[in-house]
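K.L.:
Sending over a structure as structure tokens; questions will come in a sec.
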Amino acid sequence: MIAMLIKNIFRKDIKRQLLLNISVLLESIFLIVFSMIFLGFSMHLHQYFSLSILTLSMIIFVIETMVFKNKDIIDLLSSFLYFFSSEILYCLSDVLGKKYLNIYIDGLYFFLFKIGITGLIPLLIYDAIAYYCGLNDNYHGIIKSIYESDIKIRYYLLNLFSCLLFEIGVWLTIYYFSPCHFIILETLGDFFEIISLMIENKDNEDSFELGQKITFCIFYPIMIFAVLVFNEMIILNFCGLSYNTKYYIMQREKTERDFLSITHTILSEDEEEEEEEEEKENDDGYI
């Protein structure tokens with residue numbers, strides 16, 4: 001609820017381009033840190049390499065936005081604080097949800113049902129109080145959308161259904177893979193949003209300059225590639241970047257098991273031969 005309020009109250013004051021440029025980097029850092037704390041996640045060379053590419057790309061995007069759109073340090077700091085205070089709570093929720101699913105055997109859909117019920121009840125109580133007390137629209141919305149909205153019910157249900165599919169998709173990704181895999185979805189989402197803004201080509205504060213468009217077209221594919229490398233969906237076989245990936249760790253474990261098995265078999269055969277020789281000597285001595 002705190003993260004939702006932060007987004008509702010302050011989102012309109014944050015420049016859209018800075019939202020696109022800062023979000024992925026902060027989400028990546030928070031998901032990695034919380035995964036290390038609560039899930040025992042550890043960083044390796046290929047992941048440091050990928051995170052460096054992601055960080056460098058985001059720094060270039062932010063600098064370009066400040067240069068082309070005449071943003072100052074105040075805009076940057078306000079955007080950073082906005083995302084820091086909201087995304088840290090969302091990322092913590094994702095990682096703790098993964099921790100819960102690892103410990104208990106409720107199943108994903110029952111888990112989502114419990115999250116929905118336990119979150120909806122206090123949210124409705126709060127929203128009703130905010131609505132009937134006449135607070136600003138930024139502080140509520142559920143009750144107002146039911147009584148005062150001009151949106152037709154079919155559009156409302158369509159939006160609800162699409163949000164439901166999105167949440168299920170996010171949690172299926174987290175459940176079967178890891179919270180860090182969500183970074184792939186976020187990076188792709190931002191890239192497609194930037195493409196849609198380029199296609200609209202509106203002459204306003206959210207429009208992109210030619211230099212920005214060129215930079216996005218160059219760096220976003222690199223960022224997507226880096227995120228795939230981070231999550232080991234692509235493995236780079238140079239400079240030791242593949243050594244600590246899960247695939248090659250499993251390959252080494254398999255090789256070691258095979259080696260131990262062969263060694264054990266050879267030792268067993270040697271022991272059997274020694275026992276046979278001892279028995280033969282004993283038999284000869286007896287005769």
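K.L.:
Going through the stretch 208-253 one residue at a time, which ones are buried (at least 18 other Cβ atoms within 10 Å of the Cβ), in a loop (DSSP other than H, G, I, E, B) and of a type in the set (Phe, Trp, Tyr)?
P.N.:
Across the stretch 208-253, the qualifying residue is only Phe208.
K.L.:
Answer with yes or no whether Phe208 is at pLDDT below 80 and either aromatic (Phe, Trp, Tyr) or under 23 Å from Leu51 (Cβ atoms) (or both).
P.N.:
In short, yes.
K.L.:
While we're on this one: Suppose the filter is of a type in the set (Gly, Ala, Ser), under 14 Å from the mean Cα position of the chain (by Cα), surrounded by 18 or more Cβ atoms within 10 Å (Cβ to Cβ) and modelled with pLDDT under 90; does Ser35 pass it?
P.N.:
Here the answer is no, as Ser35 does not meet what is asked.
K.L.:
If you don't mind, another one. Which is exposed (fewer than 10 other Cβ atoms within 10 Å of the Cβ) and modelled with pLDDT of 80 or more, of Ile174, Ile168, Ile129, Ile117?
P.N.:
Within the list Ile174, Ile168, Ile129, Ile117, the selection yields Ile117.
K.L.:
Six or more apart or on different chains, Cβ atoms under 7 Å: show the pairs whose first residue is in the stretch 101-127 and free of Cβ contacts under 8 Å to residues at least 40 places away in the same chain and whose second is exposed (fewer than 14 other Cβ atoms within 10 Å of the Cβ) and outside any helix (DSSP H, G or I).
P.N.:
Between residues of the stretch 101-127 that are free of Cβ contacts under 8 Å to residues at least 40 places away in the same chain and residues that are exposed (fewer than 14 other Cβ atoms within 10 Å of the Cβ) and outside any helix (DSSP H, G or I), there is no close pair.
K.L.:
Can you name every residue in the stretch 233-287 that is over 30 Å from Leu185 (Cα atoms), modelled with pLDDT of 75 or more and not β-branched (Val, Ile, Thr)?
P.N.:
Arg252, Glu253, Lys254, Glu256, Arg257, Asp258, Phe259, Leu260, Ser261
K.L.:
Okay, moving on. Of the numbered conditions (1) at pLDDT below 90; (2) surrounded by 12 or more Cβ atoms within 10 Å (Cβ to Cβ); (3) in a helix (DSSP H, G or I), His181 fails exactly one; give the number of that condition.
P.N.:
Going through (1) at pLDDT below 90; (2) surrounded by 12 or more Cβ atoms within 10 Å (Cβ to Cβ); (3) in a helix (DSSP H, G or I) one by one, His181 breaks only (1).
K.L.:
Which pairs do you get when a residue that is closer than 22 Å to Ile22 by Cβ, found in the stretch 220-244, comes within reach of a residue that is assigned to a loop (DSSP other than H, G, I, E, B) and polar (S, T, N, Q), reach meaning Cβ atoms under 9 angstrom, with the pair 6+ apart or on two chains?
P.N.:
That search, which allows pairs on different chains as well, returns Asn231/Ser178.
The values are calculated or read from the model by the stated rules, or taken from the named source; none is laboratory data. These numbers were taken from a predicted model, which means no experiment stands behind them. Cβ: placed from backbone, ideal geometry, glycine included. Neighbour counts: every protein chain shown.
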